[in-house]
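These notes concern the structure reproduced below.
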Amino acid sequence: MAKLFIKQAEQYAAGRPTYPAKLFEYIASKTPAHDLVWDVGTGTGQAAHSLAAHYTTVIATDTSPKQLDFTTKHPNIHYRHTPPTMSITEVEQTVAPQGSVDLVTIAQALHWFDLPSFYKNVRWVLKKPHGIIAAWCYTLPEVNSAIDAVLRRIYTTNFGPYWEAPRRFIDEEYKTIEFPFESIDEEGTITSFAAEKEMKFEDYLTYLRSWSSYQTAKGLGVELLSNEVIEELEKGWKEDGDMENDIKVAKFPIHLKIGRVGNNN
């Protein structure tokens with residue numbers, strides 16, 4: 001995972017959307033205490049900064065030192081580089097002691113993990129029985145019907161062959177990913193959330209270039225955003241008739257998995 005994101009770390013930091021405050025308010029409302037959170041796969045620290053508004057201390061870890069280079073410092077956040085998998089001893093040394101964490105979060109990264117190993121560490125580090133794990137992903141941006149249709153098509157036909165296999169869990173909105181924790185989704189009614197980002201057309205292209213599939217193809221000498229593709233995207237961008245204002249709001253639907261560790265995990 002780390003190797004996939006090293007090359008586009010700067011584009012990742014510039015191009016990715018901001019998660020809504022209501023998402024973190026909802027998650028924080030599920031933990032009885034607000035002392036310590038472990039943000040795993042923090043990337044450039046987008047989620048960590050929002051979590052710092054609700055928790056006294058945020059331990060934000062990532063396997064990519066290049067991604068961590070683009071984080072913004074915050075007094076409540078402690079950024080740490082970790083290996084892809086950690087033993088219990090390493091978790092204790094790098095993250096926190098057993099049963100001391102109120103919340104574990106994973107933003108747009110759970111599908112990359114060795115889940116059996118990771119979940120073992122989550123069970124060990126969370127407070128029992130009320131410790132919470134929350135993982136979410138977001139799917140393709142929605143701008144207007146014209147460019148959205150183009151993006152859906154090239155996502156499959158152009159980018160599709162270069163996605164790593166775990167990407168399918170995002171396509172399936174995390175509905176099929178293993179998540180062996182007690183549900184706290186009351187009667188299946190989790191509030192809908194969406195990340196938003198104001199973008200110019202060039203920002204939109206920067207976001208697409210931050211995709212791991214784009215970097216994989218580029219490494220093989222394949223340019224997925226050819227002039228022809230860019231022209232088609234730009235035509236769709238302008239389809240709504242707003243020629244004066246190049247800035248648009250892209251909305252990224254968020255799909256949340258949230259559960260409690262309980263006593264039996």
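The values are calculated or read from the model by the stated rules, or taken from the named source; none is laboratory data. Values in this document were obtained by computation on a predicted structure and should not be read as measured data. For neighbour counting, all protein chains shown are included, and Cβ atoms are generated from backbone atoms with ideal geometry for every residue, glycine included. When the accessible area is computed, the model is the full protein with side chains, heavy atoms only, and any ligands, DNA or RNA have been set aside. Shrake-Rupley method; radii C 1.70, N 1.55, O 1.52, S 1.80 Å.
Quick look at the numbers
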quantity: Looking only at the stretch 190-207, and only at residues there that are touching a residue at least 24 places away in the same chain (Cβ under 8 Å) and assigned to a helix (DSSP H, G or I), the one that is most open to solvent (accessible area, probe 1.4 Å); calculated: 203
quantity: Contacts under 7 angstrom Cβ, first residue in the stretch 124-142 being of a type in the set (D, E, K, R), partner surrounded by 19 or more Cβ atoms within 10 Å (Cβ to Cβ), 6 or more apart; calculated: 127/101; 127/102; 128/261; 142/250
quantity: Set 187, 202, 182: member being at pLDDT below 95 and touching a Lys or Arg at 6+ places or on another chain (Cβ under 7 Å); calculated: 182
quantity: Residues located in the stretch 84-96, provided they are closer than 11 Å to residue 121 by Cα, assigned to a loop (DSSP other than H, G, I, E, B) and either touching a residue at least 60 places away in the same chain (Cβ under 8 Å) or open to solvent by 50 Å² or more (accessible area, probe 1.4 Å) (or both); calculated: 85, 87, 96
quantity: Residue check for residue 142: among the acidic types (Asp, Glu), open to solvent by 20 Å² or more (accessible area, probe 1.4 Å) and touching a helix residue (DSSP H, G or I) at 6+ places or on another chain (Cβ under 7 Å); calculated: yes
quantity: Residue within the stretch 62-78 that is of a type in the set (Gly, Ala, Ser), part of a loop (DSSP other than H, G, I, E, B), open to solvent by less than 50 Å² (accessible area, probe 1.4 Å) and within 15 Å of residue 126 (Cα to Cα) present; calculated: no
